[in-house]
2 protein chains.
Amino acid sequence: MDFERPDRALCRAELEKYRLEFEKYKEQNLQLNLARGNPSKAQLDLSMKMLDIVNSHSVLDSEDGIDCRNYGGLDGLFEAKAFMAELLGVHPNKVMVFGNSSLQIMFQAINFAMVDGVSGCEPMMFQKDRKWLCPVPGYDRHFNITMKFGFELIPVPMTDEGPDMDVVRSYVEKDPSVKGIWCVPKYSNPGGVVYSQRVCEEFAALEPAAHDFRIFWDNAYCVHGLYPDHEDTIPDIVGLCEKAGHPDLVYEFCSTSKISFPGAGISAVATSVHNQKGFKSFLQYATIGPNKINQLRQVRFFKNLANVKKHMAKHADIMRPKFELVESILEKELGGTGMAEWTKPRGGYFISLNTLPGCAKRVVALAKEAGVTFTNAGATYPYGIDPQDSNIRLAPSFATPEQIEPATEILCTCIRLATYEKLLEK
Amino acid sequence: MDFERPDRALCRAELEKYRLEFEKYKEQNLQLNLARGNPSKAQLDLSMKMLDIVNSHSVLDSEDGIDCRNYGGLDGLFEAKAFMAELLGVHPNKVMVFGNSSLQIMFQAINFAMVDGVSGCEPMMFQKDRKWLCPVPGYDRHFNITMKFGFELIPVPMTDEGPDMDVVRSYVEKDPSVKGIWCVPKYSNPGGVVYSQRVCEEFAALEPAAHDFRIFWDNAYCVHGLYPDHEDTIPDIVGLCEKAGHPDLVYEFCSTSKISFPGAGISAVATSVHNQKGFKSFLQYATIGPNKINQLRQVRFFKNLANVKKHMAKHADIMRPKFELVESILEKELGGTGMAEWTKPRGGYFISLNTLPGCAKRVVALAKEAGVTFTNAGATYPYGIDPQDSNIRLAPSFATPEQIEPATEILCTCIRLATYEKLLEK
């Protein structure tokens with residue numbers, strides 16, 4: 001169909017047809033959910049033996065002799081740093097390891113900038129008109145942290161090898177009120193983009209106008225490929241920045257949340273020793289330190305990157321069929337119609353789908369009516385506003401294949417309905 | 001000896017005598033530490049079985065059906081709330097339960113006031129000349145949080161039944177720039193004071209000039225009596241405030257850090273539903289939520305207050321002899337000399353000792369020279385400045401009796417030295 005000059009009679013006929021299908025779905029009173037980027041129970045079961053590895057018979061001293069039961073150790077155990085460093089491909093002296101929420105560390109890193117200021121700059125709470133770059137589509141929880149702290153959120157378009165670096169440079173190198181950028185460099189949320197070597201090098205080469213500008217590099221999916229036999233890699237951004245003469249430019253984050261237990265993992269930040277020093281001088285006021293016994297538990301269970309990779313291959317075996325199921329239904333129902341396009345990610349937790357402009361909110365609302373919950377349309381944009389109203393994030397990890405199949409079919413029906421409705425408005 | 005008109009010859013002779021004793025101690029190259037308020041290894045061993053209670057065979061759903069391994073649950077599990085509520089003597093609907101650091105929750109509660117503002121008031125980061133009341137002597141980590149956030153710290157004298165409430169009222173009810181007060185209501189750090197019913201009621205009856213004033217009631221030692229057969233009690237401050245018509249006046253904090261493992265306990269805050277709502281609307285940006293598996297571990301191990309009390313009686317059996325040892329040496333060496341006075345706490349982690357004015361720093365420095373570390377003199381006052389330079393905090397929990405004995409004897413020698421030095425200055 002020609003979307004510019006749609007055949008109105010045909011649109012009405014199709015709308016009628018899919019409206020009937022939709023009503024039949026509604027009658028089933030389904031309750032399905034593809035909104036949550038949570039691992040499934042089968043994935044959580046893979047780590048159950050971790051709960052036995054620290055027990056009443058264990059030595060609870062760390063390798064360097066700290067009694068992990070007691071107070072102390074603001075930035076984590078030596079062996080936890082070594083372990084997380086291997087995951088990130090950085091030197092252990094670049095790493096600090098904390099509690100169960102890497103989001104909390106990102107929040108605190110910005111909090112530190114707000115209260116203390118970074119590298120001798122004025123505390124950000126006293127700096128007016130601060131801005132933060134948000135590659136779109138992106139992760140709502142990232143955007144919301146910087147919104148909370150009063151930054152103006154600037155959307156930056158994504159390409160298929162990372163954020164548009166011309167746009168990034170035009171802000172970062174010219175405007176001293178731009179203080180940071182959110183990045184998910186591997187299997188980006190939701191687009192699944194793996195940043196290219198060139199993009200990473202251009203990040204490291206940035207010459208920010210603001211001395212307190214930092215890249216927030218959330219390597220959340222560092223070992224979360226769906227095709228372990230054909231691994232994707234990104235360069236060590238901390239090393240790249242150092243090599244480019246900008247050692248303090250980046251904080252890299254990761255966690256074992258989606259490797260072990262999302263509520264009970266450990267998180268890490270990799271950054272220059274200078275950045276660590278500043279951050280720790282703040283954190284010592286904010287906490288008595290992380291749960292070190294849980295750090296022992298994680299490290300003694302996984303031991304090293306090789307084991308993590310074996311473990312993540314089992315995750316992939318559970319996840320991959322779900323992604324392929326969604327993609328095959330989308331292809332079967334909507335392939336070649338021009339009504340939607342979607343990503344075929346090689347890792348991470350999401351499929352990113354774009355409808356025709358102006359349809360996404362309507363699709364999500366219709367699906368809700370038929371008993372299927374998706375992430376709110378717009379959530380992948382700053383302030384929850386997708387200017388095109390076209391992006392929908394699909395999260396197939398938590399649901400079973402038996403749930404994913406009808407949920408995706410309903411999604412396709414809703415996309416058809418919303419599309420024909422939109423065409424009839426013309 | 002008449003300290004106003006000291007016998008200078010006698011002072012010199014005594015100084016000489018104790019200087020020799022001091023030199024002998026120095027020759028022993030001791031390395032002792034009474035600075036840290038850490039539980040001892042023997043105390044930590046009491047909770048080892050907790051490490052077995054959640055294992056690979058456990059049901060990891062909470063009582064209300066949440067899979068504790070996964071994401072979700074910003075304010076803690078239902079059963080964790082019920083458990084911590086029993087410890088605090090409040091209704092479970094007043095309680096939120098978080099991770100391993102109650103200090104972190106206090107920090108975040110002030111952070112929330114800074115960023116969002118409390119009860120519709122302007123965010124505190126935009127309010128100039130904020131003040132915070134600090135009963136003295138008190139806890140340096142408390143004082144430091146409010147210092148970090150730019151509050152002017154106002155010392156408030158302690159009496160033997162709590163802070164001087166006339167002073168508290170004169171600030172809180174007259175000065176709208178006073179935004180909060182730190183309290184350790186049971187076995188205060190370091191004075192060991194148990195707030196009286198009258199003081200608690202007067203706190204609940206406060207009519208603050210600032211709508212965003214809050215009492216920070218750190219009930220850190222709620223079940224930490226040294227004499228379990230003769231328990232000390234304080235009233236439920238959350239209930240008292242509600243009864244007095246000020247339901248939002250207080251945040252009460254506690255944790256299981258010094259009940260189970262200091263690095264791996266769980267923390268709680270009890271406050272009105274209205275305060276909870278505000279705090280949670282902030283926290284949802286700051287974290288993905290607490291480690292729920294660790295909440296299960298704690299709750300399934302202790303089950304209820306009765307078990308906690310039995311458990312804490314074992315802690316007391318380890319702690320009590322250490323406190324009594326310090327007190328008996330102080331009494332034997334310095335009793336009746338007028339050179340020092342000290343508390344005989346019925347619970348908590350500290351003995352608070354006062355030297356003659358102007359001697360505390362010198363005592364701690366001398367002790368250091370002889371190989372014994374105490375908390376820095378002044379640490380118990382805002383900005384680390386004890387205007388009398390007389391307070392020293394003794395922490396006998398971590399050391400063994402074999403370490404405590406020489407450490408306390410050296411302390412007494414150093415007090416004598418510093419005292420005679422001071423008298424000879426006159």
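Below are the figures for this structure:
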{"read-out": "Residue count, region B:153-175 (criterion: in contact (Cβ under 8 Å) with a residue 12 or more places away in the chain and assigned to a helix (DSSP H, G or I))", "value": "5"}
{"read-out": "Residues located in region A:118-159, provided they are surrounded by fewer than 20 Cβ atoms within 10 Å (Cβ to Cβ), closer than 17 Å to A:A209 by Cα and within 14 Å of chain B (Cβ to nearest Cβ)", "value": "A:E122, A:P123, A:Q127, A:K128"}
{"read-out": "Residue within region B:174-192 that is of a type in the set (D, E, K, R), crowded, with 24+ Cβ neighbours inside 10 Å and out of contact with any helix residue (DSSP H, G or I) (no Cβ under 8 Å at 6 or more places or on another chain) present", "value": "yes"}
{"read-out": "Selection status of A:T408, of a type in the set (V, I, T), at pLDDT 95 or above and closer than 27 Å to A:D160 by Cβ", "value": "yes"}
{"read-out": "Criterion violated by A:E231 - all others in (1) modelled with pLDDT of 95 or more; (2) within 19 Å of the chain's Cα centre (by Cα); (3) under 22 Å from A:W217 (Cα atoms); (4) more than 10 Å from every other protein chain (Cβ to nearest Cβ) satisfied", "value": "(1)"}
{"read-out": "Which listed residue, of A:S188, A:S177, A:S260, is assigned by TED's automatic domain parsing to the domain that holds A:V156 and under 27 Å from A:N291 (Cα atoms)", "value": "A:S260"}
{"read-out": "Qualifying positions in region A:239-278 - more than 14 Å from chain B (Cβ to nearest Cβ) and closer than 30 Å to B:F143 by Cβ", "value": "A:Y251, A:V269, A:T271, A:V273, A:H274, A:N275, A:Q276, A:K277"}
{"read-out": "Looking only at region B:232-245, and only at residues there that are in contact (Cβ under 8 Å) with a residue 12 or more places away in the chain and over 18 Å from B:G162 (Cα atoms), the one that is surrounded by the fewest Cβ atoms within 10 Å (Cβ to Cβ)", "value": "B:K243"}
{"read-out": "Conditions (1) in contact with a helix residue (DSSP H, G or I) (Cβ under 8 Å, 6 or more places away or on another chain); (2) under 30 Å from B:P6 (Cα atoms): number failed by B:K368", "value": "(1)"}
{"read-out": "Residue count for region B:73-111, restricted to those that are of a type in the set (A, V, I, L, M, F, W, C) and farther than 30 Å from B:M147 by Cβ", "value": "6"}
{"read-out": "Qualifying residue in region B:15-35 (condition: within 14 Å of another protein chain (Cβ to nearest Cβ) and in contact with a strand residue (DSSP E or B) (Cβ under 7 Å, 6 or more places away or on another chain))", "value": "yes"}
{"read-out": "Test: residue in region A:318-331 that is over 30 Å from A:D389 (Cα atoms), of a type in the set (A, V, I, L, M) and loosely packed, with under 15 Cβ neighbours inside 10 Å", "value": "no"}
{"read-out": "Cross-chain or 6+ apart pairs with Cβ under 6 Å, region A:127-145 first and under 21 Å from A:I351 (Cα atoms), then aliphatic (A, V, I, L, M) and in a strand (DSSP E or B)", "value": "A:C134/A:L153; A:P135/A:V156; A:P135/A:M158; A:F143/A:L153"}
{"read-out": "Residue in region B:279-295 that is under 24 Å from B:C121 (Cβ atoms), more than 14 Å from chain A (Cβ to nearest Cβ) and in contact with a Leu (Cβ under 9 Å, 6 or more places away or on another chain) present", "value": "no"}
{"read-out": "Some residue of region B:277-285 being in contact with a strand residue (DSSP E or B) (Cβ under 9 Å, 6 or more places away or on another chain), modelled with pLDDT of 95 or more, aromatic (F, W, Y) and not in a helix (DSSP H, G or I)", "value": "no"}
{"read-out": "Qualifying residue in region A:33-56 (condition: over 35 Å from the mean Cα position of the chain (by Cα) and exposed (fewer than 15 other Cβ atoms within 10 Å of the Cβ))", "value": "yes"}
{"read-out": "B:E207 at pLDDT 95 or above and either touching an Asp or Glu at 6+ places or on another chain (Cβ under 7 Å) or surrounded by 18 or more Cβ atoms within 10 Å (Cβ to Cβ) (or both)", "value": "yes"}
{"read-out": "Scan of region B:142-153 for residues that are touching a strand residue (DSSP E or B) at 6+ places or on another chain (Cβ under 8 Å) and under 25 Å from B:C254 (Cβ atoms), ordered by number", "value": "B:H142, B:F143, B:T146, B:M147, B:F151, B:L153"}
{"read-out": "Within region B:315-341, tally of residues that are in contact with a Pro (Cβ under 7 Å, 6 or more places away or on another chain) and aliphatic (A, V, I, L, M)", "value": "3"}
{"read-out": "Boolean, A:L296 is at pLDDT 95 or above, more than 17 Å from the chain's Cα centre (by Cα), surrounded by fewer than 20 Cβ atoms within 10 Å (Cβ to Cβ) and closer than 30 Å to A:E86 by Cβ", "value": "no"}
{"read-out": "Meets criteria (of a type in the set (D, E, K, R), outside the structural domain of B:A418 (by TED's automatic domain parsing) and either in contact with an Asp or Glu (Cβ under 9 Å, 6 or more places away or on another chain) or not in a loop (DSSP other than H, G, I, E, B) (or both)) for B:E21", "value": "no"}
{"read-out": "Filter result (charged (D, E, K, R) and either part of a loop (DSSP other than H, G, I, E, B) or touching a Ser or Thr at 6+ places or on another chain (Cβ under 8 Å) (or both)) within region A:193-223", "value": "A:E207, A:D212, A:D218"}
{"read-out": "Single residue of A:F126, A:F83, A:F78, A:F107 found to be of a type in the set (F, W, Y) and closer than 20 Å to A:D248 by Cα", "value": "A:F107"}
{"read-out": "Helices (runs of 4 or more DSSP H) within region A:36-114 that include 3 or more residues more than 7 Å from chain B (Cβ to nearest Cβ) and at pLDDT 95 or above", "value": "A:41-45, A:78-88"}
{"read-out": "Hits in region A:229-265 - residues which are in a loop (DSSP other than H, G, I, E, B), closer than 22 Å to A:G278 by Cα and not acidic (D, E)", "value": "A:A244, A:G245, A:H246, A:P247, A:L249"}
{"read-out": "Residue in region A:326-338 that is on the phi > 0 side of the Ramachandran plot, in the same structural domain as A:Y187 (by TED's automatic domain parsing) and either in contact (Cβ under 8 Å) with a residue 24 or more places away in the chain or of a type in the set (V, I, T) (or both) present", "value": "no"}
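So that you can scan it fast, the table gives a plain yes or no per residue for (1) more than 18 Å from the chain's Cα centre (by Cα); (2) hydrophobic (A, V, I, L, M, F, W, C); (3) modelled with pLDDT under 95:
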| site | (1), (2), (3) |
| --- | --- |
| B:G150 | yes, no, no |
| B:E161 | no, no, no |
| B:V168 | yes, yes, no |
| B:G180 | no, no, no |
| B:H211 | yes, no, no |
| B:L226 | no, yes, no |
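The values are calculated or read from the model by the stated rules, or taken from the named source; none is laboratory data. Keep in mind that this is a model prediction, so the values were computed, not measured. All Cβ positions, even for glycine, are placed from backbone atoms using ideal geometry, and neighbour counts span all protein chains on display.
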